[in-house]
Amino acid sequence: MATHQEKKPAEGRKHQNMQNDTKASQGQWGRAWEVDWFSLASILFLLMFAPLIVYYFIMSCAQYQCSLTDPLLDLLTGNKHLSDIWNRTPTLTYRAAGIYCLWVTFQVILYMSIPDFCHKFLPGYVGGVQEGAVTPAGVVNKYEINGLQAWIITHVLWFANASCFHFFSPTIIFDNWIPLLWCANILGYAVSTFAMIKGYFFPTNAKDCKFTGNFFYDYMMGIEFNPRIGKWFDFKLFFNGRPGIVAWTLINLSFAAKQQELYGEVTNSMVLVNVLQGIYVLDFFWNEAWYLKTIDICHDHFGWYLGWGDCVWLPYLYTLQGLYLVYHPVQLCTAHAIGVLILGLLGYYIFRMTNHQKDLFRRTNGKCRIWGKKPEYIECSYMSVDGTKYHSKLLTSGFWGWARHFNYTGDLMGSLAYCLACGCEHVLPYFYIVYMSILLIHRCIRDEHRCSSKYGKDWKRYTAAVPYRLLPGVF
């Protein structure tokens, strides 16, 4: 989406206090101002059960060889009580707490203290100081993009230790997996609670705060749009990208090391999971500057949904395939392995090229060629809370002419490939494709609701030009 702006006077706008100040932007995009009963019920459900879901999956692998039904059958038949399962669960240890504190501290240091140097020698990579999108209040934040650098430094040190120094075993993450879960929960709840308190008492930008008056909704979805400490420590960018996503590939490597330790080999299914998910993670960091224009940064406020989700849900449930393969090593036949690889690479190609087309269109303000032709687009405009009018172009060419979220279609193809790499004996590794389908369909609906609020009648013109969300002719 290419954007430029013109200043319009904001007449008749009076703010008496912080909440009234933000309430003035009620017509702006972002999360909801008012909470309907369905949203509240959904949020209460997630707050109560999301941590239990994570625990259930991890416990099922540790105590029931990844069976999702056996724990329930044991409880229903009286063979075991909840206390029996809980008592067999490893507790928080000083070792795990030390590992986790060192990990998070190290990522903070990499994020805050080492300016990006990768953009100086990697052709095509965009790093260093970059501007984000315009917030509803008309603010344009600056970010130090150095995630690729942090990922490289972290993994160089990991492999140096594994091959030369041997300060710790490569299986260290798997060996402390459940104690580290408690550490991740502590950080997730701590940062979410701090973000809410900060939003009330010392927000970074009061005009970008939203208050519904409902404690649970505000805690879950966040109050502040871009909470920061100092000039550069941005909560959304740090917790979305580090420490969870940097850890993703390390977690998979630790699972592969454990498989080697237990069975004397690393199966081709484990290699596929490491390679395909590694490509996805590297893509994220290579395109971190582009990520500043995505829904997480451009629309979501920072609350429990992002804070706890990035600390716990992402590293623990996005890595279920590797964890499953530790308990159930699968050696795929050649045809199956090649099929999974092709599906994963094709999904990645669609995901990347769709996003590339949008990014190219945005960067050139529409002065580019997509599939050899001049791009087609819908002219639109929107207002920020300070009265600034912005003009945008919504792309309707290339993959964006096929469906409004065709990048999600590629993402789902890749997600399915991760699951298919694990064979078909258990349901557990397929949780990821089920979850991603629900997440991305819900994200489509959320994004379009915000875009409808943001662009008004121009959005109706856009949806008439591109009528499908994910699958042309179907949905």
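Of the residues A184, A160, which is out of contact with any helix residue (DSSP H, G or I) (no Cβ under 6 Å at 6 or more places or on another chain) and more than 23 Å from P136 (Cβ to Cβ)? Exactly one residue qualifies, and that residue is A160. For the stretch 378-397, residues that are aromatic (F, W, Y) and either without any contact (Cβ under 8 Å) to a residue 24 or more places away in the chain or at positive phi (or both) total 0. Within the set of pairs 6+ apart or on separate chains, which have a first residue in the stretch 275-298 that is outside the structural domain of N141 (by the TED database), a second that is assigned to a helix (DSSP H, G or I), and C-beta atoms under 8 Å apart? Between residues of the stretch 275-298 that are outside the structural domain of N141 (by the TED database) and residues that are assigned to a helix (DSSP H, G or I), there is no close pair. The set of residues from the stretch 293-327 being touching a Leu at 6+ places or on another chain (Cβ under 9 Å), under 29 Å from S453 (Cα atoms) and of a type outside the set (A, V, I, L, M, F, W, C) comprises D296, D300, Y305, G307. In this structure, K454 does not satisfy being at pLDDT below 90, more than 30 Å from Y64 (Cβ to Cβ), in contact with an Asp or Glu (Cβ under 6 Å, 6 or more places away or on another chain) and not aliphatic (A, V, I, L, M). Mind checking which residues of the stretch 389-427 are open to solvent by 20 Å² or more (accessible area, probe 1.4 Å) and more than 22 Å from K373 (Cβ to Cβ)? Matches in the stretch 389-427: K389, H391, Y408, L412, M413, L416, L420, C424, E425, H426, V427. Checking the condition closer than 21 Å to W308 by Cβ, crowded, with 20+ Cβ neighbours inside 10 Å and touching a residue at least 24 places away in the same chain (Cβ under 8 Å), which residue from W177, W182, W151 passes? Just a single option satisfies the conditions, and that option is W177.
Scanning for something in contact with a strand residue (DSSP E or B) (Cβ under 8 Å, 6 or more places away or on another chain), over 24 Å from H299 (Cα atoms) and not assigned by the TED database to the domain that holds M270, does the stretch 350-362 turn up at least one residue? There is no residue in the stretch 350-362 that is in contact with a strand residue (DSSP E or B) (Cβ under 8 Å, 6 or more places away or on another chain), over 24 Å from H299 (Cα atoms) and not assigned by the TED database to the domain that holds M270.
Of the residues that sit in the stretch 154-172 and are of a type in the set (A, V, I, L, M, F, W, C) and open to solvent by less than 30 Å² (accessible area, probe 1.4 Å), which one is nearest to I297 (Cα to Cα)? Here the residue is W158.
Taking the stretch 70-121 and the helices (runs of 4 or more DSSP H) fully enclosed by it, the elements with 1 or more residues that are in contact with a Leu (Cβ under 9 Å, 6 or more places away or on another chain), open to solvent by 70 Å² or more (accessible area, probe 1.4 Å) and not assigned by the TED database to the domain that holds C311 are at 82-87.
The values are calculated or read from the model by the stated rules, or taken from the named source; none is laboratory data. For clarity, every value in this text was computed on a predicted model and none was experimentally measured. Cβ coordinates were reconstructed from backbone atoms using ideal geometry, including for glycine residues, and neighbour counts include every protein chain displayed. Please note that ligands, DNA and RNA were not included when accessible areas were found on the heavy atoms of the full protein model with its side chains. Shrake-Rupley method; radii C 1.70, N 1.55, O 1.52, S 1.80 Å.
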